[in-house]
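Before any comments, here is the structure.
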Amino acid sequence: MRGFHSEAYRSPEYEFEDAIFNFDYADILTPVLASGVASTLNKKLTNCTARTLGKSKLLSLGCIPSIVDREYDLLFFICQRFWDFACINSIKGWQEKCRKSVLWIDEIWAKEIGEHKNRFYFELVKGFDYIFTTQSCSTEAIANFVQRPCYSLPYAVDTIKFCPYLQPPQRSIDIYSIGRRSPIVHKALLELVEQKGFLYLFDSLKGLQMMDYKEHRTLYSNLIKRSRYFIANKAKFDTIHETGGQQELGSRFFEGAAGGAVMIGTPPVCEAYKTYFNWSDAVIEIPYDAANVGDIIAELDAQPDRLNRIRKDNVINSLLRHDWVHRWERILEKVGLDSTPEMLSRKAHLGKLADMVNS
């Protein structure tokens, strides 16, 4: 989707794509939107016709058609949201040229699958052999509807890029928070800024567009590596009308841990969190309305040995478990493909980095 989407929340997906390209033998297909008034009108007319006739194969995102003209072992299609599915209609020949196909859905809530207006899009998913999603509690609903194997596959991160060792920078940012936030906690942190001179870094502008995704990820990773505390909350914690009360593990947890920050926030109550963040103090849990967050931070600051242990544990677990190579390895296992020598080399390097951090 990098051909026409530049929202910051899509940056982990683009990082995943580039990681695969670097440690496997892959080509990246980046559809491009057709421009002009005529193209926009044609897209609207096509989608209206698709819904009227009940033919999901006619759905369009307005992409210029592309053709898969070589044979591949696998097509891996990354979608941020379910409406991205329609992009597959602009790619011709993929079912004939690709032996197996995998769809990875970043965000999909179980309640959305059952909504009549959305089920149309899910008809397109039935053409894939396997489905993976970061939303662990949505797998059963997806599998039941599309009659395809569906597995939970959480986020990861380029842990080498995010690793703050072996030359740890000074953590001059006291608290770093991006995206959604609790207004109560935010107000309390602003008071800390006034009372104690804390450097509290947060979003102060509206807008989510990246000028360059790689530059964005570099800046983001460097800011986390320079932050003492990082706010991490369960995905879309403040929009229950979207989630239906479903609790999921967002990308912030993986990014904060890989950067060696001490994470504070409200993690999800779900099996995925218990499985992937099962070490001590992975997240210092605070309530959504923790007006006393300043006292919590002061108490933590009085325990430097504990903080050092938390940072090391976060980084080591990230290197050994939460790099993109670990996610790609799992996908290949499911579809019956072998890891590449480059993947094995990366895992060995990650293991050496973890040993060095530990020592």
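Numbers below:
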quantity	calculated
Checking His326 against (1) surrounded by fewer than 22 Cβ atoms within 10 Å (Cβ to Cβ); (2) more than 25 Å from Leu166 (Cβ to Cβ), the condition it does not meet	(2)
Hits in region 171-197 - residues which are hydroxyl-bearing (Ser, Thr, Tyr) and in a helix (DSSP H, G or I)	none
Exclusive hit being closer than 26 Å to Glu248 by Cβ and over 19 Å from the mean Cα position of the chain (by Cα), set Asp301, Asp295, Asp313	Asp313
Close pairs from region 59-84: first at pLDDT 95 or above, partner part of a strand (DSSP E or B) and among the small types (Gly, Ala, Ser), Cβ under 9 Å, at least 6 apart	Leu74/Ser101; Leu75/Ser101; Phe76/Ser101; Phe77/Ser101
Selection from region 305-349 of residues that are touching a residue at least 24 places away in the same chain (Cβ under 8 Å), hydrophobic (A, V, I, L, M, F, W, C) and over 29 Å from Asp129 (Cβ atoms)	Leu307, Ile310, Val315, Ile316, Leu319, Leu320
Residue ranges of helices (runs of 4 or more DSSP H) in region 9-102 with at least 1 members within 30 Å of Met343 (Cβ to Cβ), of a type outside the set (Lys, Arg) and in contact with an Asp or Glu (Cβ under 7 Å, 6 or more places away or on another chain)	11-23
Test: residue in region 233-245 that is under 24 Å from Tyr14 (Cα atoms), modelled with pLDDT of 95 or more and of a type in the set (Gly, Ala, Ser)	no
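The values are calculated or read from the model by the stated rules, or taken from the named source; none is laboratory data. Bear in mind that the values here come from a model prediction, so they are computed numbers and not experimental data. Positions of Cβ are generated from backbone atoms using ideal geometry, with glycine treated the same way; all protein chains shown enter the neighbour counts.
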